[in-house]
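Please read the structure below before turning to the comments.
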Amino acid sequence: MQFLQFWISKRNKVVSSPASTPPGADTRTDAALLDAVAGAIALQRLASPLDALGTRVNATTEDGLRQVAVIGTHTAAVADRADAMNGHASRQAEMAQAAIEHMARLESRLGEVEMRAKELSGAMAELLGFVATVETRIKGIGSIAHAIRDIAANTNMLALNATIEAAHAGAAGKGFGVIANEIRTLSHQTVDATTRVDDQNDEIGRNVASMVEAVRRVEDFVGRMQTSMDACLEDARVARPCVEEGGALAANLRGESQNIVRDVAAVQDSLVALQDGSASQAREAETLAIHARQVSETSESQLAAVGRLRFAAHERARCAVEVLVRDAGISAMERRPVETALRNAMSQGLFELLYVTDAKGRQIVDNVGQVATIYGDTGLGKDWSQRPWFRHPAERRKTYVSDFYRSAATDAYCLTVSAPILDASGTLRGVLGADVDLGRLVEMARMHSTD
């Protein structure tokens, strides 16, 4: 309970406290960094629509398999009816030969027209869907890139002003000038990164141009299809007298041929559906891969760059752990009181996982947190003596704050904060470790910055 009261009293003072904010620090820079982190986390959440896209690809594949089974059934029917037709055709070959040849060509041409019409319909629908997707992604990526560039430009300007002020301060501002130069360097790197994103957008734009060219090819394809249809009509006019002349003798053959035409049409429909499904699957898979890489690369690089800095969000996490480590339950270094104090701390919503070791690095409590069971064991008795989060506070008697990383349990971004547990004489009794949910941390920091 001591931690709860202390945390509530401190949570709105973290950024402004002397221990957490260097003299002259620019709060707008912190806000910009928080916005950058929040944007990167939002990008990671785009993985869910991409997963849904993968599900649709799987469904398309299953539909294709079902169509293959249908094709097998129709193929068998075609074979049976073809055998029956052969018996009639052998007796009527002389008078019906001309009609058969013309009708075969007509059927072939009509089948080609039908197939091309199906392909055209599928191609146009897929092109429209792909263009819409690309336009949406270009706008989204462009907006993010522009926002990051604006942030970087503001950061560079603030760092330049800070450098000038540091120069005016002389020796007293030398250290702050170095930090300002480092911030300017990072802002330039951010601008470079957004330039690369713009290059990717340009490449996507070229892909859109390629799709426009594909539409032109489709238009040409329509012209060829019309030519084929005209040829079919001419063949039909030529074949009509022959068909009429042999109509009486070819009555049976005509009936069988009609059955064959229906079965062949069913086979063609099944083939078209299978082809559309396969093409859709390939395009969906390609789109999924492209956007997954864009989301992953953009957010990973942004979070990696920002995670190496130390700003208000890190300080808020550090302060929260330093408050918790002074709780009477933690100081007792006995399992039950310590676990009770850790569970009370979890109610603040900041921590993902809490744990405590003794002075030798061996964990003395169960893992406490909403994701504790996902790790497969409680952690009790594990030796963490070689981990940086234990060694740093144990050896230096100072709080340790890690860079950002992905949680093995939730795949969300976190950071680890650990602090030494000291007795009244300053002797190390153990180390308190906390895995902090980065999204929640940034949310709290941004809420504080708007208060």
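Could you calculate the contour length gain from Val208 to Glu112, that is, 0.36 nm times the residue separation minus the distance between their Cα atoms, to one decimal place in nm?
Details: separation 96, 0.36 × 96 = 34.56 nm, distance 2.94 nm.
Between Val208 and Glu112, full extension yields an extra 31.6 nm.
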Going by C-beta contacts inside 10 Å, put Leu380, Leu428, Leu186 in order with the fewest on the left. Leu380, Leu428, Leu186
List every residue whose amide H lies under 5 Å from the amide H of Glu352, counting only residues 5 or more places away in sequence or on a different chain, with H placed 1.01 Å from N in the peptide plane. Asp435, Val436, Asp437
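Quick one: Cys414, Cys232, Cys319, fewest Cβ neighbours within 10 Å first, how do they rank? Walk me through the numbers on the way to the answer.
Working: Cys414 26, Cys232 18, Cys319 22.
Fewest-to-most Cβ neighbours within 10 Å comes out as Cys232, Cys319, Cys414.
Please arrange Arg440, Arg396, Arg137, Arg56 by how many other C-beta atoms lie within 10 Å of their C-beta, fewest to most.
Working: Arg440 16, Arg396 10, Arg137 19, Arg56 13.
Listed from fewest to most nearby Cβ atoms, that is Arg396, Arg56, Arg440, Arg137.
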State, to one decimal in nm, how far the label point of Arg326 lies from the label point of Ala408, with both points 7 Å from Cα in the Cβ direction. 3.4 nm
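Rule-based calculations on the coordinates, nothing more; no lab input. Owing to the predicted nature of the structure, the values given are computational and were not obtained by experimental measurement. Heads up, the Cβs are rebuilt from the backbone with ideal geometry, glycines too, and the neighbour counts pull from every protein chain shown.
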